[in-house]
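Rule-based calculations on the coordinates, nothing more; no lab input. Remember, predicted model here, so these are calculated numbers, not experimental data. Glycine gets a Cβ as well: all are built from the backbone with ideal geometry, and neighbour counts include every protein chain shown.
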Amino acid sequence: MAFHKIEVTVNGESEQVVVPSNMTVMQMLRESLALTGTKNGCSAGECGACTVLMNGEPVNGCMVLAVECDGAAITTVEGLALDKQLDPVQESLIEAGGVQCGFCTPGILISSRALLDRNRDPNEEEIAEALVGNLCRCTGYARIIQAVKRAARVKPDASALAAAI
């Protein structure tokens, strides 16, 4: 099996990782970088538990090979909080009671953040569409959708945005 040295920025930190050709982004994050917030649900791209942002776009970490992210910027659920301050999506999901068992939560948070980054005022249909790839067995989605709507009303902090850039 061939191994590759890749460079990737994960949650704002530059990383050099040696990965086998068949290692997925999810496996790299969990096994090589000890970022276990990204969950292994189905390993088939169906459940969304492994969703991460790759160059700002949500992808299923179980379906993307680590070698494909060479030079990319990856954001995981661990990277949503800034200076120990939860992302508005994280806060809203807690406040709305949109978390039950929590297994799907990392993927839902990442998909929701991606939606709000491109649309600061989504309606319920747009939220539901953004979350279509994230399966949740516990909540029924109503509280999750309400949480994303609540998070959309939070105005971005200019200093936090400047720090993130």
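Mean residue ellipticity, 222 nm, helices only, the chain: the sum of -39500 (n - 2.57) across DSSP H runs of n ≥ 4, divided by residue count and rounded to 500, is -8500 deg cm²/dmol.
How far is helix 105-118 tilted off the main Cα axis of the chain, in degrees rounded to 10, range 0 to 90? For 105-118 against the chain, the angle is about 80 degrees.
I need the calculated FRET efficiency for the pair E91 and E7, taking r as the beta carbon distance and R₀ as 22 Å, to the nearest 0.05. List each step's numbers first, then the result.
Working: r = 33 Å, r/R0 = 1.48.
With a Förster radius of 22 Å, E is 0.10.
A crude spin-label estimate for the pair R120 and E46, with each label 7 Å from Cα along the Cβ direction, gives 4.0 nm.
Across the stretch 88-164, Cα pairs under 8 Å and at least six residues apart give a relative contact order of 46 percent.
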